[in-house]
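Note sheet for the following structure.
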Amino acid sequence: MHGSTGGTVPRLHREARPYPKGRQVDPTALAEVRAMLGDAPRRRDLLIEHLHRIQDARHGLSTAHLAALAEEMRLSLAEIYEVATFYAHFDILRDGDPAPAPLTVRVCDGIACEMAGSVALKGALDSALGDGVRVAAAPCMGRCDCAPTAEIGHRHMDHATAATVAAAVKAGDTAPEIPDYRDFDAYVAEGGYAVLRACLAGGDRAATIDRLEASGLRGMGGAGFKAGLKWRLVADQPAPRLMAVNADEGEPGTFKDRYYFETDLHRVLEGMLIAAWAVDAAEIYIYLRDEYPAARAILLTEIERLRAEGLAEGRAIHLRRGAGAYICGEESAMLESLEGKRGLPRHKPPYPSEIGLFGRPTLIHNVETLYWAARVLEQGPDWYAGEGRNGRQGLRAFSVSGRVREPGVKIAPAGITARQLIDEFCGGMADGHGFKAYLPGGASGGILPAAMADIPLDFGTLEEHGCFIGSAAIVVFSEQDNMRDAALNLMRFFAYESCGQCTPCRIGTEKAVALMERKDWDPPLLTELAQVMRDASICGLGQAAPNPLLTVMKHFPEDLGGG
């Protein structure tokens with residue numbers, strides 16, 4: 001560089017650093033990480049699986065191990081941190097933090113468990129359990145029919161009390177309890193996999209898709225998209241095509257996926273393999289919520305049996321473990337998580353059927369849809385289309401919890417009403433409780449009074465009332481429950497689970513909680529806030545989060561007095 005005088009400006013030299021930039025990798029931590037990962041591939045899409053391995057072994061993720069993992073996977077430390085800090089089940093241990101407790105007891109604070117006394121249970125456990133045990137509140141665990149629920153390590157305690165939890169902790173019962181289920185041999189003995197074998201032996205893909213379409217089966221994850229049409233759209237895309245099974249049901253009140261996995265798993269797997277064959281998907285990814293360790297153990301065993309029997313026909317089946325993020329139930333956020341990233345919903349279009357997992361056309365179904373697909377193709381489309389009530393078609397699983405005598409998963413006709421469901425399938429209301437209100441579609445489906453319990457429960461029947469069927473999670477309330485408190489519990493859940501990508505949801509849910517915690521609500525302000533969230537949020541979480549708030553203000557003004 002030359003100045004006006006013709007002289008040369010001397011170059012400024014920076015002195016060399018006495019140490020390299022950034023956090024340095026500790027050799028001991030690197031050796032430990034390598035031992036924990038073993039011979040597992042170091043691919044980016046396996047990042048969450050690798051974080052689980054370290055967390056399970058060390059009860060937390062230290063900064064030293066995260067830096068070592070970044071080195072081992074050839075990723076930046078920022079990429080590792082952004083994923084590890086996004087998911088609730090990963091505990092980050094920063095420099096100077098005390099050693100993690102060897103055992104964590106989580107108490108569900110979902111709506112059904114709160115109604116059953118989980119707040120008092122957590123308080124009692126805080127006092128009853130000694131050093132070496134961490135007690136923490138946790139979002140819905142998918143065991144709403146067994147409320148209140150606690151998780152001791154990886155073992156769930158249903159209808160938990162302080163005494164039963166303390167006894168399990170003392171006994172060291174921390175492994176998941178595997179329920180009795182119909183295994184491969186039992187399923188085959190009853191005719192299972194006959195449809196799949198016929199498909200693999202030279203079945204007609206187009207005719208199979210036509211058969212599914214004729215039944216009218218719709219996706220049971222919440223959106224209700226026609227299943228056969230989805231198969232057709234994906235099959236028309238260029239190869240290679242992939243398939244993803246969304247088993248990350250995190251909606252408070254929903255537990256049907258767990259029911260299918262723990263009772264009739266192979267019907268789901270047969271539906272999955274038929275679907276993959278029909279669209280010629282090269283690989284299948286099952287994304288299972290981390291709150292279902294027993295289901296994971298069952299899947300690992302039975303998928304290996306499928307491989308041994310040759311029923312996967314060369315299609316790779318990958319079982320991936322979620323890490324505590326409700327947003328990953330949204331299909332595009334699930335795809336991001338499967339790729340080893342934060343579960344941030346994608347903008348649409350393009351849709352996953354065109355550009356999905358790893359940029360390939362992807363068929364996405366939830367667990368229940370695959371269950372019914374297998375039954376439809378076995379028993380015929382007319383059988384399924386002939387079911388239903390009140391002018392509706394088909395069957396579905398209703399997850400029923402709350403103030404009923406017999407909660408659980410109820411296989412019932414589509415179009416059944418909440419009143420019929422309670423009376424015919426749940427043994428009526430629990431003793432001492434009168435029917436006051438219900439959630440027709442889980443936490444985001446709104447709250448309706450008992451006076452509106454004769455509306456058919458199905459797609460398209462509830463929208464005019466500010467609600468929707470969603471995943472068909474029915475939570476029943478009695479006159480002993482305050483709807484203001486119920487709406488606040490649900491909004492706190494949404495605020496906790498917001499992925500933070502968009503401001504209307506991230507800030508809107510937080511502001512809604514603050515306004516709802518006030519002694520007196522401000523309905524005009526809350527209504528305005530809800531409208532902004534509905535109009536401007538990227539995905540269904542922010543768009544649907546205001547539904548319980550708005551329906552409570554509309555139908556239960558008597559519950560809005562000073563809290």
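Some points to look at:
- Cβ-Cβ distances below 7 Å connect the following pairs, each with a first residue in the range 385-399 that is closer than 13 Å to residue 469 by Cα, a second residue that is of a type outside the set (Phe, Trp, Tyr) and part of a helix (DSSP H, G or I), and a separation of six or more residues or different chains: 397/256; 397/368; 398/421; 399/144; 399/256.
- Check on residue 374, open to solvent by less than 10 Å² (accessible area, probe 1.4 Å), part of a helix (DSSP H, G or I) and among the small types (Gly, Ala, Ser): yes
- A search for C-beta distances below 8 Å between a residue of the range 540-559 that is over 25 Å from residue 221 (Cα atoms) and in a loop (DSSP other than H, G, I, E, B) and any residue that is open to solvent by less than 10 Å² (accessible area, probe 1.4 Å) and not aromatic (Phe, Trp, Tyr), counting only pairs 6+ apart in sequence or on different chains, returns 556/437; 556/447; 556/483.
- Boolean, residue 256 is among the basic types (Lys, Arg) and over 30 Å from residue 487 (Cβ atoms): no
- Count of residues meeting criterion [part of a helix (DSSP H, G or I) and within 24 Å of residue 329 (Cβ to Cβ)] in the range 496-528: 14
- Among the residues of the range 403-422, not a single one is open to solvent by less than 50 Å² (accessible area, probe 1.4 Å), among the hydrophobic types (A, V, I, L, M, F, W, C), closer than 30 Å to residue 239 by Cα and in contact (Cβ under 8 Å) with a residue 12 or more places away in the chain.
- Checking each residue in the range 58-95 for being of a type in the set (A, V, I, L, M), more than 26 Å from the chain's Cα centre (by Cα), surrounded by fewer than 20 Cβ atoms within 10 Å (Cβ to Cβ) and more than 16 Å from residue 45 (Cβ to Cβ) picks out 64, 77.
- Per-region count, the range 385-420, residues on the phi < 0 side of the Ramachandran plot, under 25 Å from the mean Cα position of the chain (by Cα) and outside any loop (DSSP other than H, G, I, E, B): 14
- Some residue of the range 512-533 being under 17 Å from residue 467 (Cβ atoms), among the basic types (Lys, Arg) and open to solvent by 40 Å² or more (accessible area, probe 1.4 Å): no
- Yes/no for residue 342 being in contact (Cβ under 8 Å) with a residue 60 or more places away in the chain, in a loop (DSSP other than H, G, I, E, B), crowded, with 17+ Cβ neighbours inside 10 Å and under 15 Å from the mean Cα position of the chain (by Cα): yes
- Residue 40 being among the small types (Gly, Ala, Ser), assigned to a loop (DSSP other than H, G, I, E, B) and modelled with pLDDT of 90 or more: yes
- Residue-level analysis places residue 486 among those that are under 25 Å from the mean Cα position of the chain (by Cα) and in contact (Cβ under 8 Å) with a residue 60 or more places away in the chain.
- Scope the range 323-338; condition over 14 Å from residue 497 (Cα atoms), open to solvent by less than 20 Å² (accessible area, probe 1.4 Å) and touching a Leu at 6+ places or on another chain (Cβ under 8 Å); matching residues: 335, 338
- Residue match in the range 110-123 (condition: assigned to a helix (DSSP H, G or I), more than 30 Å from residue 440 (Cβ to Cβ) and open to solvent by 10 Å² or more (accessible area, probe 1.4 Å)): yes
- Yes/no for residue 158 being surrounded by fewer than 22 Cβ atoms within 10 Å (Cβ to Cβ), at pLDDT 95 or above and not small (Gly, Ala, Ser): yes
- Test: residue in the range 58-66 that is assigned to a helix (DSSP H, G or I), at pLDDT below 95 and either touching a Pro at 6+ places or on another chain (Cβ under 8 Å) or under 21 Å from residue 321 (Cβ atoms) (or both): yes
- Odd one out for residue 431 among (1) surrounded by fewer than 23 Cβ atoms within 10 Å (Cβ to Cβ); (2) part of a helix (DSSP H, G or I): (2)
The values are calculated or read from the model by the stated rules, or taken from the named source; none is laboratory data. Since the model is a prediction, treat every value here as computed from it, not as a measurement. All Cβ positions, glycine included, derive from the backbone under ideal geometry; neighbour counts span all protein chains shown. We work out accessible area using only protein heavy atoms, side chains counted, and drop any ligands, DNA or RNA first. Shrake-Rupley method; radii C 1.70, N 1.55, O 1.52, S 1.80 Å.
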